[in-house]
Structure formats: C-alpha cells, structure tokens
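The values are calculated or read from the model by the stated rules, or taken from the named source; none is laboratory data. What you see is a predicted model, and the numbers here were worked out from it, not measured in a lab. Neighbour counts run over all protein chains shown; Cβ positions are idealised from the backbone, glycine included. Accessible surface areas use protein heavy atoms only, side chains included; no ligands, DNA or RNA. Shrake-Rupley method; radii C 1.70, N 1.55, O 1.52, S 1.80 Å.
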Amino acid sequence: MSPEAATSPTDSATLEVLLRRCALQDRRAFEELYRAASPRLLACLLAILRRRDLADEALQETFVRIWHRANQFDGYRGRAAAWLVAIARYHAIDILRGNRSTVPLADAMAAVLDDPTAVHAFEVTESAMTDTALQRCLDGLTLEQRRCVVLAYSHGLSHEDISTQVASPLGTVKSWVRRGLQSLRRCMQP
C-alpha cells in the first residue's frame, strides 16, 4: 500500500482495510490508520471540545478505543471514516458530560434516549442541521478564507502545506485561516 493511499483522508476503502488489519492486532496497520485518520479526528474533537489540550488527550483515547473495537467495524453498516468519527464524537461528548453537573432527565426523554431508532433519527437531523448551518457560514467567507479553512480542518493540512497548495505567503494563509475561523465562530453561535 502506497503512503499516498494511506494518508488520503477520503479513501474509505483504505481505511476499511486498515481497520480490518487492526482487528487482527496488526500494529503497523494501526500506525498507518493513525497517520491517515488523526487529522480529521482531531478536527472533529477540536470542534466539539474547543480546547487543544482536551482534544489531544481525547484523540489518544479515541485511538485506544479504535484499537480495542476494530473488530466491531462492519463495512456493510457504514463507511469506515464515519465509524471513526462517531467514536471520536461520542468520546468528546462523554468528556463534555464529565465536565458539567448532571441534570436529571424526564422519564419520557429517558425512554426516547433508550430507543436506538429515535437516537439515530435525532443524530441524523442534528447532523443535517449542523451541516446546513456550517455550509451557510462557509458561504459567508471569502473564497481564500473558505479554501484555507477547509484545507486545514477537513483535510488536516498544516499552514505550510496550505501555503504551498494555494501559492500564497505563509503569513497570509495564517491570517485567512484565523479570520475565517473567527467568522465561522460568530456565525455558528446561537
């Protein structure tokens, strides 16, 4: 397997192969999976936790969970990338829950949360609403800001890599990313 294939963030087939090898306790596959998926998972964790230190710790714990649960991945039920993001997302939510006091749920709400179908429907709806809001906010950025933010957070590229890809000075790219993220934060706040 070429290094390019292992590091492509969108190559679901590669991620599936790596997960299957991890299920067989293949440590080399686990290293490849980490290199391929960690930028995307870190971006997901940062978006939820909003603190780099927590996101870094959560990323390590997420990969421990992935290692231990790799044998549970089923390609017929969904894409590998979505499975990995779900593990990261649920772990981040667990961290957030642990950092605040618990509020008792009404019995009716607790019953709904126990129904996997209802939870899935809620997650799909919530995800679609978030995706629509994010797309609307991304559309409000300048072309340069949008491109740099997407390259940084969806593709996991460093500022230096983005600078090379968009053929712009490093300082300018950093500014576009910073200002783009500030605009996104303002736009996404309720």
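Between the C-alpha center of the stretch 164-178 and that of the stretch 33-70 there is a gap of 25 Å. Figure note: H91, H155, H68 ranked by solvent-accessible area, largest first, 1.4 Å probe, ligands and nucleic acids not counted: H68, H155, H91. Take the Cα of S12, step 7 Å toward its Cβ, do the same at Y76, and the gap between the two points is 1.6 nm.
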